[in-house]
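Notes to accompany the following structure.
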Amino acid sequence: MSVGRALQGMGAGFTVPSALAILTTTYPAGPERNKALGIFGGTAAIGSVVGVLLGGILGSTIGWRWMFYITGIIGFILTALGILVIPAEKAQGKVEDRRLDIFGMASFTIGIVTIIYYLSESPAKGWTSAATLAPLIIGIALIFAFIAIELKIDYPIMPPHIWRSRRFLASCATALCMMAALNAHFYFASLALQDVLGYTSLKTSLAFITHGVGAIIAVGVLSMLIPHVRSKIFLIVGWVFMIASGVLWAQLKADSSYWSIPFPSLILNLISMVCIWLTCQINSVADAADEDQGVVGAVYNVSIQIGAPIGIAISNIIANHKNGTFAVGAALLPGYIDAFYSFAVMGGVGLVVTLILYPNSDPVRPPTEAEKTDVEAGTATAEDDEHGTGDKEEIEEYSEIKAGSVNATVYSESSASLEKRV
């Protein structure tokens, strides 16, 4: 099971960054790319609905092993479609250095795994026992070794220069907090529905359908709103909804109905997930050059994958501290309530990270072809002004806009002003 899960993680490590790189290099920054990334996020939401529903159906009928069989079949079909549909990449020149950063990969992977092992096993084995402290010390040392390796070698797996973008750094940190909170939410929401409210696995799956379907709708709406609202606003709204979802889940009682607590909590959570996920995804690649899109997408995906186990480990520690080892059924509710509050606290941490790290301004969008045409027409008008009523400095600024040296906002203001005076 562990080996299979590791292979699944490797598969995600190959496919997600590649998919992001294909999208971002195919569509220029702006509405087209945002729409493409919105569809990309929407298909992920559809997959989550189908996966949860199939998992419940298969687990309660022909057996949980079929979940993995079907996953393998789907993977085979998608691989074949990818070979047939995705065009071959055109060579951009000879690649001189094909060396792999083996030591960087090994030090980072082992370091992260040992740190998560410490968080997961310490509640049972002791926070200061040799069995847990030794892996923690090794993990921290390996992370520092990884940083030293990446700064020194000429072919790093995680090039240091990508961290110069504050927007990318903030997106990775925010995505890590998001996945920590989301996985804690999904994990303990499923446990609460089954252990406290007595749902079957199939009924639990059906309870989450509203979450997935709503996410699909929310992705479509958000994709249309993103060009008109600053990214930081979306993130703040997302974190507020996530905190509210955790606090509402914490009001669950053994006799609560689905519509009183779980349903509104899931709705709040899906809105927060879409706001944060899509905004981070768009901004993470906004400042990267085309040749860096793949590695930027990979590092962003790593931050997501790291956040997931950290969130579950922390919430598990909190829940087990209250429940102990032998609690069953409704007796588990006090620990689950604490876990839901921890989920809300993770949302609060994410909100603080967003407020501190995220830039207030959005990425500068290059002018569209229609805007370029308008600029050229405006420049020609200014140059042909036989009466000389146009101000020379403004005309020069108008020409600079044509070259793309002024962002879209300044362009719209300057062109409107100039057209009135010319």
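The values are calculated or read from the model by the stated rules, or taken from the named source; none is laboratory data. As the structure is a computational prediction, the values presented were derived from the model and not from experiment. With ideal geometry, Cβ positions are generated from the backbone for all residues, glycine too; neighbour counts draw on all protein chains shown.
Structure notes:
- Failed condition for A286, given (1) at pLDDT 85 or above; (2) closer than 30 Å to K35 by Cα; (3) in contact with an Asp or Glu (Cβ under 9 Å, 6 or more places away or on another chain): (1)
- Filtered residue count, the stretch 311-337, keeping only those that are touching a residue at least 40 places away in the same chain (Cβ under 8 Å) and not polar (S, T, N, Q): 14
- Against the list (1) at pLDDT below 90; (2) farther than 17 Å from A44 by Cα; (3) of a type in the set (S, T, N, Q); (4) surrounded by 24 or more Cβ atoms within 10 Å (Cβ to Cβ), the condition S245 fails is (1).
- For first residues located in the stretch 13-35 and among the hydroxyl-bearing types (S, T, Y), partners that are assigned to a loop (DSSP other than H, G, I, E, B) and lie 6+ apart or on another chain with Cβ distances below 6 Å form the pairs T24/V285.
- Here G212 meets each of (1) within 23 Å of W259 (Cα to Cα); (2) modelled with pLDDT of 80 or more; (3) surrounded by 19 or more Cβ atoms within 10 Å (Cβ to Cβ) with one exception, condition (2).
- When each of G220, G198, G212 is tested for being in the same structural domain as S315 (by TED's automatic domain parsing) and outside any helix (DSSP H, G or I), the lone residue that passes is G198.
- Residue within the stretch 282-298 that is surrounded by fewer than 23 Cβ atoms within 10 Å (Cβ to Cβ) and among the β-branched types (V, I, T) present: yes
- Sole exception among (1) modelled with pLDDT of 90 or more; (2) touching a Ser or Thr at 6+ places or on another chain (Cβ under 9 Å) for K125, by number: (1)
- The residue that is farthest from S361 (Cα to Cα), counting only those in the stretch 289-327 that are modelled with pLDDT of 85 or more and in contact with an Asp or Glu (Cβ under 8 Å, 6 or more places away or on another chain), is A319.
- Which numbered condition K90 misses (of (1) basic (K, R); (2) outside any helix (DSSP H, G or I); (3) modelled with pLDDT of 90 or more): (3)
- One residue from A192, A170 being within 20 Å of the chain's Cα centre (by Cα) and crowded, with 20+ Cβ neighbours inside 10 Å: A170
- Verdict on P334 being in the same structural domain as W277 (by TED's automatic domain parsing), surrounded by fewer than 17 Cβ atoms within 10 Å (Cβ to Cβ) and within 21 Å of I243 (Cα to Cα): yes
- L222 vs. criteria over 20 Å from the mean Cα position of the chain (by Cα) and at pLDDT below 90: no
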